[in-house]
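Working notes, beginning with the structure itself.
Derivation of every value follows stated rules applied to the coordinates shown; laboratory data play no part. Fair warning: this is a prediction, and the values are worked out from it, not measured in the lab. Heads up, the Cβs are rebuilt from the backbone with ideal geometry, glycines too, and the neighbour counts pull from every protein chain shown.
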Amino acid sequence: MFGYRVPAPDQAMLISGGRRGQGGAPFRVVTGHGKFVLPIFRKVRFLTLAMCEAEVAETCVTRQGIALTVRAVIAFKVGNDTESVVNAAQRFLSDQDQMSVLTGRIFAGHLRSIIGSMTVEEIVTERQKLATEVLETSKTEMAKIGLIVDSLQIQSIDDGDTGYIAAMSAPHKAAIQRQAQIAQAQATQAAVEAQQEAARNQAEYQRQTAVVQAEYSAEVDRAQARAAQAGPLAQAHAQQEVLAAQTELAERRARLRQQELVAEVVKPAEAESERIRLLALAEAERMKIQAEAAASYDRVALDRMLIDQLPQIVKEAAAGLSGANVNVLNGADGLGEIAAGLVGQGLTILDSVRRNLGTPPAPGSASADGANGSSGGSGSGSPAGGNGSGGTARGGRVEIE
């Protein structure tokens, strides 16, 4: 807008003409906001409030009489208050670059004054103290011209060719070098120890690796050996099983052969022994009978006579059947029964004769009686059994007519 002026954030707007400013200043100070300015009747100028810099390189003499070249950097600016702006504007508004020149000269004088009261050792070792004293001594003078110092930095201190600072630092350098050498030796020793430890670790690792490889190789060898033995072992087990089966088969064959021998040899031998025993018993019985017969010669003679006559008796009995009609119903068995019946009848007749003669019956007569009873059970009870014609055996086996 025409006639409205606004200063920059780092500027102070100075309006001259019209009424005076604060403290009887010939201009009014405006910062941070705009202002209407009448053209022709008012004049506007701007003063920077930004940070400025001044460098100082001054040769100063210490209390010991040693010349030192001191280089420093001063950071300053115009104060933000109206009084500082008015003071700086009245001095530097036309040539604001003169602020850096004048500031450098002011600080150079203060440096010479302060360094002259200090020793080289204090200046070198207490730079911050030097900077603080320079700031304190220059603060009042800088405020008069409207400037404030933000910082002062001592960049370097040089004694030229005198070598005082170098000589002063020689013990420290020697100590530092000694410490550096010690540190280097310790570092070298530590490096050697580390290398030796690394070598030991590597050797231990190699040893462990060799042990592991040996164990692995041994395990592989054992596995290969087991694999190589597996076939023969399996074959041996198979042969063992075959031998066991053959042994069992041989045992079975031996038991079978033993049974065959028992059946072929022992049993026949036992049978033969039994036969011999029975023959011996029969022979003994025969001899006993002969002895009894010898004791009773008369009875034996009678028996012998009857025995000799028995065939004739049977023949006579059989003659009675010659005219009979005999039907054999059961083949050979029927014929046997007929013959047995005839013999039984003969024996019955012999026993009857003996009883009539008062002679005891001969051995075996009971069987004859039994035979007679069995054969005569179907007859009429007659001793001959054949005297009645037309008789029938009711057992259903023989019919006689």
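Could you calculate the contour length gain from Val73 to Arg178, that is, 0.36 nm times the residue separation minus the distance between their Cα atoms, to one decimal place in nm? Spell out each step's value before the answer.
Numbers: separation 105, 0.36 × 105 = 37.80 nm, distance 3.56 nm.
Net length gain for the segment: 34.2 nm.
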- Bin all alpha-carbon pair distances of the stretch 41-99 at 5 Å intervals from 0 and give each bin's fraction as a whole percent. 4, 14, 19, 16, 12, 10, 9, 8, 4, 1, 1, 1, 0
- Item | Approximate spin-label separation Gln312-Ser156, in nm, with each point projected 7 Å along Cα-to-Cβ | 19.1
- Message: Can you tell me the length gained on complete extension of the stretch Arg257 to Ala227, counting 0.36 nm per residue apart and subtracting the Cα distance?
- Response: 6.4 nm
- Query: Taking the simple approach of a point 7 Å from Cα along Cα-to-Cβ for both Tyr216 and Ala284, what is their distance in nm?
  - Reply: 9.6
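Would you kindly work out the equivalent ellipsoid of the stretch 79-195 from its C-alpha gyration tensor and give its semi-axes, the square roots of five times the eigenvalues, largest first in whole Å?
47, 17, 12
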- Task: Please label the shape of the stretch 183-305 as rounded, prolate or oblate, based on the square roots a ≥ b ≥ c of the eigenvalues of the alpha-carbon gyration tensor (a/c under 1.5 means rounded; beyond that, a/b larger than b/c means prolate, else oblate).
- Result: prolate
- Long-range HN-HN contacts of Leu49 with modeled amide H, under 5 Å: Gln11, Ala12
- Query: What nm value, rounded to one decimal, do you get for the distance between Ser273 and Lys35 when each label is placed 7 Å out toward the C-beta?
  - Reply: 16.4
- Query: What's the Cα-based Rg to Rh of the stretch 10-135, Rh via Kirkwood?
  - Reply: 1.17
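Once you list every other residue whose beta carbon is under 14 Å from the beta carbon of Leu281, what net charge do they have if Lys and Arg are +1 and Asp and Glu are -1?
Working: positive: Arg275, Arg277, Arg286, Lys288; negative: Glu274, Glu283, Glu285.
Combined, the nearby Lys, Arg, Asp and Glu give +1.
Once you have the Cα-Cα distance between Ser100 and Ala167, take 0.36 nm times their residue separation minus that, and quote the gain in nm to one decimal. The partial results should precede the final answer.
Details: separation 67, 0.36 × 67 = 24.12 nm, distance 3.62 nm.
Contour length minus the Cα-Cα distance gives 20.5 nm.
Could you tally the net charge around Ala228, taking each other residue with its Cβ under 15 Å from the Cβ of Ala228, Lys/Arg +1 and Asp/Glu -1? Walk me through the numbers before you get to the answer.
Numbers: positive: Arg222, Arg226; negative: Glu219, Asp221.
Net of charged neighbours comes to 0.
Round to the nearest 0.05 the FRET efficiency obtained for Leu93 and Glu141 when R0 = 22 Å and r is the Cβ-Cβ distance.
On the way: r = 20 Å, r/R0 = 0.89.
Once rounded, the FRET efficiency stands at 0.65.
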- Item | Charge sum, other residues only, whose C-beta stays under 12 Å from Ser169's C-beta, Lys/Arg counted +1 and Asp/Glu -1 | -1
- Here the stretch 107-115 yields Karplus 3J(HN,Hα) values (6.51, -1.76, 1.60; θ = phi - 60°; whole Hz; Gly and Pro given as x) of 5, 4, x, 5, 5, 4, 5, 6, 4
- Identify, among Thr69, Ser169, Ile148, the residue whose Cα sits farthest towards the positive end of the charge dipole of the stretch 69-171, taking +1 on the Cβ of Lys and Arg and -1 on the Cβ of Asp and Glu, with the dipole about the Cα centre. Ile148
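Would you mind getting me the FRET efficiency between Gln186 and Gln206? Use the beta-carbon distance for r and R0 = 35 Å, nearest 0.05. Write out the running numbers ahead of the final one.
Working: r = 29 Å, r/R0 = 0.84.
That pair, Gln186 with Gln206, gives E of 0.75.
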- Query: Setting aside same-chain residues fewer than 8 positions from Lys267, which lysines have a Cα under 24 Å from its Cα?
  - Reply: none
